[in-house]
Every structure is written in C-alpha cells, then in structure tokens.
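To start, the structure itself, in structure tokens.
Values quoted throughout were computed directly from the atomic coordinates according to the rules given, and no laboratory measurement underlies them. Note that the coordinates shown come from a computational prediction; the quantities given were computed from them, not determined experimentally. Quick reminder, even Gly has a Cβ in these numbers, built from the backbone with ideal geometry, and neighbours come from all protein chains shown.
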C-alpha cells in the first residue's frame, strides 16, 4: 500500500528522535509554569506598586478616652461620673469633628481623587493577630481612624502643605506613604522574576543543545541516504526540509502535551493563591484566562526554535 | 542530422590526472571526448579506476590536474548551488543499487522526479509506467529487502531514467545478476539510447561487450583507449 506522502529519510529508528515528544512535554511544562509564575508575580507587583505609589493612609487619633477616664479638669483623678460621661461625649464629638475636618481638607484638594474612611472592623481585623482575639478588648482599644486617599497619578499633590493644614486641625494626625517598606518587597518580586527568566533561558538553551545533538545524530545515521539524494541532485534546502517537518511535528506534539499538563497545575496555583490571599484575585494571578496565551504560544515558539535549530544544524552539517 | 548530433561533445576530459597515491594513477594526462547520443562500454581490470572515472564525470571527485567539461560546462567552475541542477541532468546506476530500504519500489523510482520538484502524483504515474517497462509492474509496493539483486538493479535503472537524463552513467549494473537478467538490462539501455540518451556503462562482462555493437573503452595504466577490435572497425569505416 502506497502512502500519500513519503520521506526519504527514516527517523523512526532514531532513539533520540523517538523521545522528543516526552522530553519536550516536560520542558514546555516547566517553561509554562515558570512564565506563569513570573507573569503573575510581576503583574501583581506592578498593579500593587501602581496603586501604592498614589495612595496615602491618614491616621486620625482616637478620642482620648483613657485620659478622660482617669483625670478631671485640673488633672486630678476623676470622681464625678456625670462629668466623666459628658467629657467622653465631648471627646468623641471632638474626634468626629477632627475626622470631618480632615476629610474636608482632602476632599477640597483637586489632586485627591479618592477619600475613603476605612471600616473600623477592618482596622480591628488588621491588629487582631498582634493584640487579642477578644472582641471586647478590641472594642475598648483606642484605635485610630484610618482614611485611605488616592492622589491623581502624575498630579502635583503637595504633601507638606496638606500636613500643615492637618497640623492646625490636630497635631497627632499622621500621613503615611508606603514607599519605605514597599521597596524590599518590590526587590523580592524582581528577584523571583529574574530567577524565573534565568531558568527559562537555561531550559531553552538545553532544548537548543538537545535539538542540535538529535539532528546531528539523525544526519549521521542517514548519511548513506543523504549521499544518494545528493547524487540525484537534491539541494541542501530539500534535505534540511526532510528533517525539519518530522522534528517540528514531534516538538509540537510534545509541546501541546506539556501545555495540557500545565493547565491543571496553573488552575491549582490560582486556587492556592486566592485561598492564602497571597495575591489578590483582582490581579488575576495564575488565572487560566490570563495565562492562556502563554499556554498556547509556548509550544508554538518552542516548535519554531526547533525548526530553526534543525535547519541551521542540517545545513551546517551538509555544507561540511 | 543524426550524424551532427553524434558529433556533439557531451563530455570532454582534457589532460585529466587523478591518482590513488602519488605513484598509482587512475588516469594521467587523459584526453578524451564522449559524444552526445553515444553508447560506450568502459572496461578494464578490477581496481583500475572505472568507478573513479565515472565519479569524475558526475563530480563526486575532482581531478588533481586537467579539466573535465560536461554538458559544455567546466566542472571546476561549477558552484555548490549549480551542482544539484547539473546532477539532475544525468542518471546514475550503481553496482550496489543504493535503493532506499524504507521506501517501496514505486517511491524509490519516483524519487528523482520528486527531488526535481515534480508533483508526487505525476512522479508515481511515471514510476509505475517505468516499473512495467523494466518488468516489475507486479512489485510496485514491494520493499527492496524482499527483491532479488536483478530486480533491485532494474529498479535502479528505472530510477536513473525517470527524469529522461541526457547522460546515463552505469557502474557495473550487471555485476550481481545472471546473464539472462544482464541481457534484459542491456535491452533497456539500448531502448534508452535510441531516444537520445548518452550511455557510459562500466562493466566486466565480456559476453555483453562482445555481443553488443558499441565501442569499448579500456582504462589501463591511466589511459583510455578504444579496444583493438573497435579500432579496426573504426579505421575500416
């Protein structure tokens, strides 16, 4: 029975050629996972960095209940409970006023695009692991009210002028920017990205070296056939093409197997990342949709690299 | 017209020198011309260099001195890019057939057409016709390992002629076959020669050389000469 097409060279007996799909599936799997890690971490850090760069957190002091509780107007221990309740109310009203004035300062600034008071429950949640799990204890704590503000990216927000205005409202209002501690985390993210790219480069280099060895071995084992083809007038391009097509088919097959293997792993990562809150779900870290292009493109790029490597190797071998 | 055609030089060896070692020449200051449409037997003792002389013509080896011109082209000036086109104009039959074992008979024969860029379907149609011509129409799906030496050699011949070459170089094509098969092959070569292909056939087979009325060129001591019988007949003309 005659096949529709035939190839002059026989690669099926080449042991190294037969293992191409298996080897390439593992390599492509590793590359996809590394790219996914790198992209997800890089993307999350970028988004987070962008948000943080334009965000300030304002601490408005809590009502000074502790002082009210213990001292009267002359600084002596409080004895009159009625006066104490009044003073408590007054302190709370003062604190509300300070908060309101602080909010007004920011809202009146055209460079400020968002002013949100952080829910006190959320603030309690933040300090709970360090102080107490007891709700009553947390309620009694004089936690400051936090206000998150976002300034216009690229705008001219004048922090010093704002600080002066806030000083006039209350001397203990603080404005925090995340720059100080953010840098070390950014560096860590960059390091992870760098290591990922380094590993990807090493894997690709290994694949190229492997392709060169497999192709050289295949050229060597088909030397007699190549000699006959050349005597019949076959051009080097023609012979190179005979190697390229089966090798590209094998690498594509291996590549797509690797992609399929990577799918559940990336999905597992996305679930894990969301469950431990390591990366925000908004950033779509490790999400399949975000990594779909990587999953599809990686085997194609690897096949293209194999195609070019095979061609160059065959042509160089034939020219010798 | 036929006479003019026969006088056209297809191969010109001009003071060609080729050596196994410094003291053992294959050919030395060899001057010779082969004419288009001719049929030549190339004879000589084993190891004298018949195969090497053919290799000089299809440029698998290059002469150490002198010039080889084939189809009017100086082979020393033939570039690597021109070599495939040059070889596509000639058909080669090897003593060891050199068939591709993993291809069936049909595809082995179709191969030169595929290499020359022809459509595979068309090549297979031609190959089928040729296999019938060489008497192997029943073996188109057979693989070389299942065929006899004579059958393989006929496939080799079919493969060599499928592109209708201007020049056919056959190196001991009858070396491994019995006399009946050898004569069958000779009739194939004759038919091909009748349609204008120049044939140079290296052989040991004295019976064939004496049976067919074509000039015998003897390679001996590095020189190529017509056999005495041919010299008489040529001088008689």
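Label-to-label distance for residue A:208 and residue A:224 is 3.5 nm, based on points extended 7 Å past Cα in the beta-carbon direction. In terms of surrounding Cβ atoms within a 10 Å radius of their Cβ, A:24, B:94 rank from fewest to most as B:94, A:24. Residue by residue along B:104-116, Cβ atoms of other protein chains within 10 Å of the local Cβ number 4 on average. A crude spin-label estimate for the pair residue B:82 and residue B:220, with each label 7 Å from Cα along the Cβ direction, gives 3.7 nm. For the protein assembly as shown, adding -39500 (n - 2.57) for each run of n ≥ 4 DSSP H residues and dividing by the number of residues yields -18500 deg cm²/dmol at 222 nm. When chain B is treated as a GNM with alpha-carbon contacts under 10 Å, the residue of B:50, B:122, B:59 showing the greatest mean-square fluctuation is B:122.
Each part reduced to its alpha carbon centroid, the stretch A:161-190 and the stretch B:92-113 end up 82 Å apart. Rounded to the nearest 10 degrees, the inclination of helix B:105-115 to the longest alpha-carbon principal axis of chain B is 60 degrees.
Counting neighbouring Cβ atoms within 10 Å and putting the fewest first, the residues A:18, B:12 line up as A:18, B:12. The fewest-to-most ranking of B:97, B:27, A:206 by surrounding Cβ atoms within 10 Å reads A:206, B:97, B:27. To test your reading of the geometry: what angle, between 0 and 90 degrees and rounded to tens, separates the Cα axis of helix B:120-133 from the longest principal axis of chain B? Approximately 70 degrees, to the nearest 10. If you model the protein assembly as shown as an ellipsoid using its alpha carbon gyration tensor, with each semi-axis the square root of five times an eigenvalue, the axes come out at 94, 23, 17 Å, biggest first. Nearest 10 degrees, 0 to 90: what angle lies between the long axis of helix B:149-161 and the longest principal axis of chain B (Cα atoms)? Result, in degrees: 80.
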